[in-house]
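First the structure, in the form of structure tokens, and then the observations on it.
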Amino acid sequence: MCSIEVKGKKGGIIMGVMKGGGAGGGERVEKLKSSKMKLWIIRATTSVLLWTCIVQLTALGETWGPRVLKGWPSCFSHQDSSFSVIEDKVPSVPARVLPPKRVYKNNGYLMVSCNGGLNQMRAAICDMVTIARYLNVTLIVPELDKTSFWADPSEFQDIFDVDHFITSLRDEVRILKELPPRLKRRVEMGMVYSMPPISWSDISYYHNQILPLIQRYKVVHLNRTDTRLANNGQPLDIQKLRCRVNFNALRFTSQIEELGKRVIKLLRQNGPFIVLHLRYEMDMLAFSGCTQGCNNEEVEELTRMRYAYPWWKEKIINSDLKRKDAGEIYGGQRRMARLAAAYPRLVRKETLLEPSDLRFFQNHSSQMAALDYLVSLESDIFIPTYDGNMAKVVEGHRRYLGFKQTILLDRRLLVDLIDQYNSGSLSWNEFSDAVKESHESRKGQPTKRLVIPDRPKEEDYFYANPEECLEPSYGQLSST
């Protein structure tokens, strides 16, 4: 048998050689010194014996082998009680169990460029992963929008945990951070088939139209991804995979997650909290055409912005009619001042945190939106004033988390009630009772998605109410 000494020295680990010998050992050593060949043979033999010892000791079992390799002084002494105490004090970190890789014949590679704000891109990523899975292709980590109004230079890995995204979905689809070198060079030379898929398409469209293109060109680039998969009429597996990507695979980076937890902790110190998502931003005002409360200079600036973006189809908008139709309430800082006076505990993340906390998020609107998303998700009540992408995606996520209360404002009714109250037709109590009564059934309760065949823009958005992934069962859902 043998013992091994492990001594740390600068420059590496030195392992002691086997002890042994007999009469005449010194003479043999002297003779060996005279022959480089014999010295080499002894060194090689010693190395072989040492590694044989290690292999044998490792084979003794899980108890002793790992300790020898970690530098324990002897592999034959009984376990000392002091070592047991030390082991008990060291917290065990459970090994992350990865799902097994799905093995399939790869039909090619799918590149996607997302467009829009964070939550529009989030939903698009869920759709593109699902499409890639059912086409049996390899998905390249999606490219985020850097050219729209938000002009955020963030890459996917700046917002989402890209390694978790890849590994958590490996049992469904193969995802790579970039194309293989040969194909990457072709794309860099402009040799790639690029196209926008048709909006609100069934999965059959991708099988029949997109898959043959991928098989022909090996790489296809989808350059627009918003609402490219239908809300309804899809197989259950398709809908469930969209949910899995949204609720499990798309995890924000640790930096965003940690700051989000800090904001939530600060808010929770004073008890339950409400998140009011005002969405009073320049792009929304320009897009909607609602300019009530804006001066002439602001109206002109918003109009110029609307004409600057060709994909905003509606250019001439009557603001008064639009307000009656949509019900958004505007007024800028003047309205905010009145709101803050009525609710003195009103805060924003910019007032809760130090400027240094948000330094890395400046000029990165998508990362800021990720922070808002986390806080909105954890709030006791979430109230969006505008049914944009964030409002819808957060609403759906809160349903998934147990139908957390989300008050969905009936904006058209509110406009009418506000006008009546301002004109004196309604007292405050009458106004208050009417608002409460009209919103009793608009708190994010279980409900069926509204389906309008051939008019997908007017029906309920899948990500606002992914009923296929929710409990209770369909039989308990009410219809709208």
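The values are calculated or read from the model by the stated rules, or taken from the named source; none is laboratory data. Fair warning: this is a prediction, and the values are worked out from it, not measured in the lab. Every residue, glycine as well, gets a Cβ built from its backbone with ideal geometry; the counts of neighbours run over all protein chains shown. In case anyone asks, the SASA skips ligands and DNA or RNA and just uses the protein heavy atoms, side chains included. Shrake-Rupley method; radii C 1.70, N 1.55, O 1.52, S 1.80 Å.
Residue check: S432 meets all listed conditions (1) in contact (Cβ under 8 Å) with a residue 40 or more places away in the chain; (2) surrounded by fewer than 17 Cβ atoms within 10 Å (Cβ to Cβ) but one, namely (1). Inside segment 206-237, residues that are closer than 22 Å to L450 by Cα and touching a strand residue (DSSP E or B) at 6+ places or on another chain (Cβ under 8 Å) make up a count of 3. Exactly one residue among V263, V275 is touching a helix residue (DSSP H, G or I) at 6+ places or on another chain (Cβ under 9 Å), surrounded by 14 or more Cβ atoms within 10 Å (Cβ to Cβ), at pLDDT 60 or above and not in a helix (DSSP H, G or I), and that residue is V275. Return the residue satisfying two criteria in turn: it lies in segment 195-225 and is among the charged types (D, E, K, R) and out of contact with any Lys or Arg (no Cβ under 9 Å at 6 or more places or on another chain), and of such residues it is surrounded by the most Cβ atoms within 10 Å (Cβ to Cβ). Ranking the qualifying residues of segment 195-225, first place goes to R224. Return only the number of the condition from (1) modelled with pLDDT under 95; (2) closer than 23 Å to N119 by Cβ; (3) buried (at least 16 other Cβ atoms within 10 Å of the Cβ) that E281 does not satisfy. Single failed check for E281: (3). The criterion of at least 1 residues that are more than 15 Å from the chain's Cα centre (by Cα) and closer than 22 Å to R228 by Cβ is met, among helices (runs of 4 or more DSSP H) falling completely within segment 148-203, by 181-188. Among the residues making up segment 436-451, a single one is part of a helix (DSSP H, G or I) and open to solvent by less than 100 Å² (accessible area, probe 1.4 Å): S438.
The listed residues are R251, R228, and the only one of them that is of a type outside the set (A, V, I, L, M), buried (at least 18 other Cβ atoms within 10 Å of the Cβ) and within 22 Å of E395 (Cβ to Cβ) turns out to be R228. If you go through segment 145-185 and keep only what is farther than 19 Å from C126 by Cα and at pLDDT 95 or above, you end up with L179, P180, P181, R182, L183, K184, R185. Under the condition of being touching a Gly at 6+ places or on another chain (Cβ under 6 Å) and outside any loop (DSSP other than H, G, I, E, B), the residues counted in segment 452-472 number 2.
Taking the criterion of being among the basic types (K, R), within 25 Å of the chain's Cα centre (by Cα) and outside any loop (DSSP other than H, G, I, E, B), the residues of segment 204-250 that qualify are K240, R242, R244. As a summary of the residue check, S148 satisfies the conditions (1) in contact with a strand residue (DSSP E or B) (Cβ under 8 Å, 6 or more places away or on another chain); (2) open to solvent by less than 50 Å² (accessible area, probe 1.4 Å) except for the one numbered (1). Pairs linking a residue in segment 204-230 that is touching a residue at least 40 places away in the same chain (Cβ under 8 Å) and of a type in the set (S, T, Y) to a residue that is assigned to a strand (DSSP E or B) and surrounded by 19 or more Cβ atoms within 10 Å (Cβ to Cβ), with Cβ atoms under 9 Å and 6 or more positions apart or on different chains, are Y206/L229; T225/V112; T225/S113. From the list F247, F252, the one residue that fits, being more than 30 Å from P344 (Cα to Cα), modelled with pLDDT of 95 or more and touching a strand residue (DSSP E or B) at 6+ places or on another chain (Cβ under 7 Å), is F252.
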